[in-house]
1. For residue 76, state whether it is among the β-branched types (Val, Ile, Thr) and within 13 Å of the ligand (Cβ to nearest atom).
2. May I ask you to say which residue of 53, 64 is within 11 Å of the ligand (Cβ to nearest atom), at pLDDT 95 or above and touching a helix residue (DSSP H, G or I) at 6+ places or on another chain (Cβ under 9 Å)?
3. Give all pairs with beta carbons closer than 6 Å in which a residue from the range 103-132 that is under 18 Å from residue 51 (Cβ atoms) meets a residue that is within 10 Å of the ligand (Cβ to nearest atom) and aliphatic (A, V, I, L, M); count only pairs at least 6 apart in sequence or on separate chains.
4. Give the range 105-119 a look and list any residue that's within 8 Å of the ligand (Cβ to nearest atom) and farther than 26 Å from residue 21 by Cα, or say none.
5. For the range 147-212, list the strands (runs of 3 or more DSSP E) that sit wholly inside it and hold at least 3 residues that are under 21 Å from residue 107 (Cβ atoms); which are they?
6. Hey, can you tell me all the residues within the range 199-224 that are free of Cβ contacts under 8 Å to residues at least 60 places away in the same chain and either not assigned by TED's automatic domain parsing to the domain that holds residue 133 or not hydrophobic (A, V, I, L, M, F, W, C) (or both)?
7. How about the range 48-138: which strands (runs of 3 or more DSSP E) wholly inside it have at least 1 residues that are more than 25 Å from residue 28 (Cβ to Cβ) and in the same structural domain as residue 239 (by TED's automatic domain parsing)?
8. Kindly indicate whether any position in the range 188-199 is under 19 Å from the mean Cα position of the chain (by Cα) and not β-branched (Val, Ile, Thr).
Amino acid sequence: MSERFYSDARLYDRLFPAREPAVDFYRAEADRQGGSVLELGCGTGHKLIPVASDGHPCVGLELSPDMLAEAQRKAVERGVELDWVQGDMREFDLGRTFDLVIIAANSLLHLHETSDLVDCFRSVRRHLAPGARLVFDVFNPSVQMLALADGVRRRREALSFVDPDRGVVHVDVAETYDAAAQVTRGRWYFSTESQADVVVVPLEIRSIFPQELPLLLSLGGLRLVERFGDWSGGPFTGDSAVQLCVCESD
Ligand SMILES: C[S@@+](CC[C@H](N)C(=O)[O-])C[C@H]1O[C@@H](n2cnc3c(N)ncnc32)[C@H](O)[C@@H]1O
């Protein structure tokens, strides 16, 4: 349901530019682990291109052809070599293993069914070299925030950005929370000063609650060995905005 959100990679990059603390976190994880890196749902390469520029052999796997093409274009522009694969993180076989697998910026939350998450973790496990790790980040669901998802369209001023072709772009979002599915179903409206709703796209994101996360991993043959609550490696608590998870094979 969220494919259309990722069909305009340049719009995505303006809406969500790379954030240094997150990029630095993944660079440090890659350096600590050493060796090769696979990113699932690599998008336009916010994390993977810097990691590859540090000298790690990298592969990026991504569902959206448009995001992948933009990642490829940026890597060539920056003179960074890495491999790109179009694929689905639920089921893939690259015929080799990696020292580190990463899934950054909530990409995992595009898998809504428990079976999809478990399939993904099983696929990851098959691609882990001895001693390798899976590191990923997902948001920590806040019941207060989920309760605010009342379906009303509201402007998100903080997300406004400037597009060289369209000028200032405003972003409105209307969201509802499906508590049975644990999925927030949103509609994102992009408007310029001269034209309302130039782009309207759905975005659906699952919540993974802290206590279910290690259970999902264990069903996929993985073990949560560490969970941080911020990009500088602080401890995870109920108030943390993110769950930064470090996992190994069971
Ligand atoms: C929020 S973006 C994050 C991109 C990138 N990881 C980053 O840190 O900027 C989520 C990405 O996951 C991709 N994605 C969603 N479902 C996927 C799937 N089943 N397999 C592979 N990629 C997927 C989307 O196309 C999108 O590029």
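The values are calculated or read from the model by the stated rules, or taken from the named source; none is laboratory data. Remember, predicted model here, so these are calculated numbers, not experimental data. Ideal geometry is used to build each Cβ from the backbone, glycine not excepted, and the neighbour counts take in all protein chains shown.
1. No.
2. Residue meeting the stated conditions: 64.
3. Once the first residue is under 18 Å from residue 51 (Cβ atoms) and sits in the range 103-132, its partners that are within 10 Å of the ligand (Cβ to nearest atom) and aliphatic (A, V, I, L, M) give 103/40.
4. The one that is within 8 Å of the ligand (Cβ to nearest atom) and farther than 26 Å from residue 21 by Cα: 116.
5. By residue number, 167-178, 183-192, 199-206.
6. Passing the criteria: 200, 211, 212, 214, 218, 223.
7. 83-86
8. Initial filter on the range 188-199 (under 19 Å from the mean Cα position of the chain (by Cα)): 188.
Cutting the leftovers down to not β-branched (Val, Ile, Thr) gives us 188.
Yes, some residue in the range 188-199 is under 19 Å from the mean Cα position of the chain (by Cα) and not β-branched (Val, Ile, Thr).
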